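Peer 1: Sharing a structure here in structure tokens format.
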Amino acid sequence: MNGAVLSPRPGRRPGLGWGMFVVAALVCLPAQAELLSAWVAPGATSEAALTPVISDSAPGFDPQVPAAGAAKVSPPDPKDAGISTEIARGKGSWYGGHFHGRRTASGEKFDMHDLTAAHKTLPFGTRVKVRDLASGREVEVRINDRGPHVRGRIIDLSRAAALALGVLHAGEAAVALLRP
């Protein structure tokens, strides 16, 4: 072999990493055995000691049923509780007149008398509740167009939706978008 050193990878010497790992494992084994023996009752095997024992001495005890008075905590489901989840907040405006009868980005004709809206990213057909933050009034609209094309606004409502929300005369309002 001409004095060559055998290594796990050709051209490299074995490092201290594996050697230190082996030494640490050998040093820790007796300590782990001592800790395990503290958990094992005298005369019992380690498997039996680590198996949980459920006492059924109390009449009517069932480990699957929570104790009386114990609170069952689970996250609220917005659909069950009638809670709407907020998507975004910002300024909302409306559009109508000039665009009535024209094609929207989704391909359908815009009808300013329908409860529809334009949003920059929500998929077409998505239903969204729009809440006027000042009055608390809400209207549910369907996204059928892209927009608004004015900086700082998050939704453009149809004329009918703006009328239902009570923001027709103001032109724009602070709104929250919610999942219905």
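Peer 1: Pick out the one residue from Ala134, Ala170, Ala161 that is surrounded by 18 or more Cβ atoms within 10 Å (Cβ to Cβ) and outside any strand (DSSP E or B).
Peer 2: Details: Ala134 fails: surrounded by 18 or more Cβ atoms within 10 Å (Cβ to Cβ); Ala170 fails: surrounded by 18 or more Cβ atoms within 10 Å (Cβ to Cβ).
From the options Ala134, Ala170, Ala161, the qualifying one is Ala161.
Peer 1: Hey, His119 hits all of (1) out of contact with any Leu (no Cβ under 6 Å at 6 or more places or on another chain); (2) open to solvent by 40 Å² or more (accessible area, probe 1.4 Å) but one; which does it fall short on?
Peer 2: If we test His119 against (1) out of contact with any Leu (no Cβ under 6 Å at 6 or more places or on another chain); (2) open to solvent by 40 Å² or more (accessible area, probe 1.4 Å), just (2) comes out false.
Peer 1: Which residues, counting only those in the stretch 103-116, are among the β-branched types (Val, Ile, Thr) and surrounded by 19 or more Cβ atoms within 10 Å (Cβ to Cβ)? Please lay out each step first, then the result.
Peer 2: First pass over the stretch 103-116, keeping only residues among the β-branched types (Val, Ile, Thr): 104, 116.
Selection gives Thr116 alone.
Peer 1: Identify the single condition in (1) open to solvent by 50 Å² or more (accessible area, probe 1.4 Å); (2) modelled with pLDDT of 55 or more; (3) polar (S, T, N, Q) that Thr51 does not satisfy, given that it satisfies every other one.
Peer 2: Just one mismatch for Thr51, condition (2).
Peer 1: May I ask you to list pairs of residues, at least six apart or on different chains, whose Cβ atoms are under 6 Å apart, with the first in the stretch 96-112 being in a loop (DSSP other than H, G, I, E, B) and the second being of a type in the set (Phe, Trp, Tyr)?
Peer 2: Once the first residue is in a loop (DSSP other than H, G, I, E, B) and sits in the stretch 96-112, its partners that are of a type in the set (Phe, Trp, Tyr) give Arg102/Phe110; Thr104/Phe110; Ser106/Phe124; Phe110/Phe99.
Peer 1: In addition: Being at pLDDT below 90, more than 25 Å from the chain's Cα centre (by Cα) and of a type outside the set (D, E, K, R) narrows it down to one residue among Val65, Val139, Val167; which is it?
Peer 2: Val65
The values are calculated or read from the model by the stated rules, or taken from the named source; none is laboratory data. Not measured: the values here are computed from a predicted model. No Cβ is skipped: glycine too gets one built from the backbone with ideal geometry, and neighbour counts run over all protein chains shown. Areas reflect the complete protein model, heavy atoms only, side chains present, ligands, DNA and RNA absent. Shrake-Rupley method; radii C 1.70, N 1.55, O 1.52, S 1.80 Å.
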